[in-house]
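What follows is calculated from the coordinates using simple rules that are stated; it is not laboratory data. The shown structure was predicted, so the numbers you read here are calculated from the model rather than taken from an experiment. Note that we place each Cβ from the backbone using ideal geometry, even for glycine, and neighbour counts take in every protein chain shown.
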Amino acid sequence: MILTPIPLPDLAATLDRFDACLADAPLAQAAFRRIAATLALVRDGDLSLSQDPEHTRQAVAFARTFGMGILDEPPTAGYTWDGHALRVRMEPSVIIHDVAHLQVCAPERRTAPDFGLGAGPETGLRAEADAAMSVFGVARELEESLASLLGILWEAELEQPAICAFLEQNWLEGGDSPHNRAHFVKIVDHLAAHGLLDADGRPTRALRETPDEAFLTPLAAA
């Protein structure tokens, strides 16, 4: 949910200011520009998450390329990700986001319900998903940020309106403030350091191979 909506007439200027604050962080700026460019894909000024059936078909096909099983059910029917299959009756942006979760989670959690992060927003088996949670606090929040930005960059790569998810997930909530800039650069740098972004700021098909002890602890301390 967007905490502070940005009116469409003000959005281009807001994006320009954020771009300018990344001038000394070329990788982050390149990644951001891929997202900002998708403003041209927004239809009729509607900045809500896409419901386009073609985008959904594309997102489901994308998930399959990562070996994810598919269940044509809403997440309320069980887990969002049950460790083997993804329930895909949700927005295409959310499907792509869950593929990003598969990429950024520890190998030992790829087959855990909802990636061991606890219940997703629409998970039906909430108590069971929360009982399987094995990542907590700041480390969990950081992993969510990694999956969020990686998923948004995949939307841009797939020529979907990634800017909508960028706004929905509040990446511009702090505008071009030093804190917001630092957070964005930090997440881009972590993705790149683990091979999940290339030198042009584009997402890769890499899967994280480091376990939680070697990956999340340094993140939490960063």
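What to note about this one:
- Excluding exposed DSSP-loop trypsin sites (Lys or Arg not before Pro) (at most 15 other C-beta within 10 Å), longest clean stretch of the chain: 90-204
- Dipole magnitude for the chain: about 280 debye, using +1 per Lys or Arg Cβ and -1 per Asp or Glu Cβ, origin at the Cα centre.
- Remark: relative contact order (the range 1-113) = 20 percent; criterion is Cα-Cα distance under 8 angstrom and separation of 6 or more residues.
- Once the C-beta distance of GLU213 and ALA131 is scaled by a Förster radius of 30 Å, the resulting FRET efficiency is 0.90 to the nearest 0.05.
- For the pair ASP189 and ASP24, the difference between a 0.36 nm per residue extended length and the Cα-Cα distance amounts to 58.1 nm.
- Between HIS84, ALA162, ILE2, the Cα set farthest toward the positive side of the dipole of the chain (charges on each charged residue's Cβ, about the Cα centre) is that of HIS84.
- Normalising the average separation of contacting C-alpha pairs (under 8 angstrom, six or more residues apart) by the number of residues puts the relative contact order of the chain at 26 percent.
- Taking the helices alone, the chain has a mean residue ellipticity at 222 nm of -15500 deg cm²/dmol, built from -39,500 (n - 2.57) per DSSP H run of at least 4 residues and averaged over all its residues.
- Among the chymotrypsin sites (Phe, Trp or Tyr not before Pro) within the range 1-74, those in coil by DSSP and having at most 16 neighbouring Cβ atoms inside 10 Å are PHE66.
- Loop chymotrypsin sites (Phe, Trp or Tyr not before Pro), the range 96-177, which have at most 14 other Cβ atoms in a 10 Å radius of their Cβ (DSSP): PHE136
- GNM top mover of THR123, THR65, THR111 - the chain, alpha-carbon springs below 10 Å: THR65
- Per-pair calculated FRET efficiency, R0 = 22 Å: GLU157 and ALA61 via Cβ, rounded to 0.05: 0.95
- Of the GluC sites (Glu not before Pro) found in the range 129-222, the ones in coil according to DSSP and having at most 12 other Cβ atoms within 10 Å of their Cβ are GLU159, GLU209.
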